[in-house]
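The structure appears right after this line, and notes come after that.
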Amino acid sequence: MSRQAACLDSPLGWIRLQCAAEALVSVDFIATPPARYSRDESACLDQACAWLAAYFKGTPLPPMPPLAPGGTSFQRSVWSALSPVTEGQRVTYGTLAKQLDTAPRAVGGALRANPIPLFIPCHRVVSASGPGGYGGSSVDGLSRKRWLLGHERGLKSGRVSPVC
């Protein structure tokens, strides 16, 4: 299956998007764009880039592109359980685990495997004592999560975070 790719600069750094069969399959935070970068033509990429641009600007969101995250049935059930958690809201790993009749660590494992962060908003899942991890447990991942939660809190209160 051929993939189309696009990179865009964001307040969180460079983001690489990949679509296959006109559905978004991966979103990755990357240090720099590829040296020889050209954006592929794809309605899915156009939709995904427009959605991200609106998200970061704090303007009304256009429709999301079709999502095809792959994953196991358990992972997909965890990701699906996030759909009612909207901008500015948070849910704890424990609450999500109870809702899915599983353990908080299992929820965390499924969230770590999320191939399309932002579109599947795993950053909105926090531990009972703080933000928890994001994108693994790297310092970059945690600072990204804090930025995203702050950005969404600003959107909900009518303030928009500065964007690039």
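Filter the stretch 20-44 down to the residues that are under 15 Å from the mean Cα position of the chain (by Cα) and crowded, with 16+ Cβ neighbours inside 10 Å and list them by number. Hits for the stretch 20-44 are Leu24, Val25, Ser26, Val27, Phe29. When the stretch 36-82 is examined, which residues are found to be closer than 20 Å to Ala110 by Cα and either in a helix (DSSP H, G or I) or among the acidic types (Asp, Glu) (or both)? Hits for the stretch 36-82 are Ser73, Phe74, Gln75, Arg76, Ser77, Val78, Trp79, Ser80, Ala81.
Evaluation of Ala97 against the conditions (1) farther than 24 Å from Gly154 by Cβ; (2) without any contact (Cβ under 8 Å) to a residue 24 or more places away in the chain; (3) open to solvent by 40 Å² or more (accessible area, probe 1.4 Å) shows that the sole unmet condition is (3). Val126 meets the stated requirement of being modelled with pLDDT of 70 or more and either within 12 Å of Trp79 (Cβ to Cβ) or open to solvent by less than 60 Å² (accessible area, probe 1.4 Å) (or both). You will find that of Cys7, Cys19, Cys44, the residue that is touching an Asp or Glu at 6+ places or on another chain (Cβ under 6 Å) and not charged (D, E, K, R) is Cys44 and no other. Taking the stretch 1-24 as the range and being in a loop (DSSP other than H, G, I, E, B) and of a type in the set (Gly, Ala, Ser) as the test, the residues that pass are Ser2, Ala21. In the stretch 147-164, the residue that is farthest from Ile30 (Cα to Cα) out of those that are at pLDDT 90 or above and surrounded by 14 or more Cβ atoms within 10 Å (Cβ to Cβ) is Glu152.
Taking (1) more than 23 Å from Ala6 (Cβ to Cβ); (2) in contact with a Pro (Cβ under 9 Å, 6 or more places away or on another chain); (3) at pLDDT 95 or above in turn, Gly71 satisfies each apart from (1).
Could you say whether any residue in the stretch 68-75 is open to solvent by less than 20 Å² (accessible area, probe 1.4 Å) and among the polar types (S, T, N, Q)? The answer is no, given that none of the residues of the stretch 68-75 is open to solvent by less than 20 Å² (accessible area, probe 1.4 Å) and among the polar types (S, T, N, Q). A single entry from Val85, Val107 fulfils the requirement of being closer than 27 Å to Ala20 by Cβ, part of a loop (DSSP other than H, G, I, E, B) and either open to solvent by less than 30 Å² (accessible area, probe 1.4 Å) or in contact (Cβ under 8 Å) with a residue 40 or more places away in the chain (or both): Val85.
The values are calculated or read from the model by the stated rules, or taken from the named source; none is laboratory data. Every value quoted in this text rests on a predicted model; they were computed, and no experiment measured them. Every residue, glycine as well, gets a Cβ built from its backbone with ideal geometry; the counts of neighbours run over all protein chains shown. Just the protein is used for accessible areas: all its heavy atoms, side chains included, with ligands, DNA and RNA removed. Shrake-Rupley method; radii C 1.70, N 1.55, O 1.52, S 1.80 Å.
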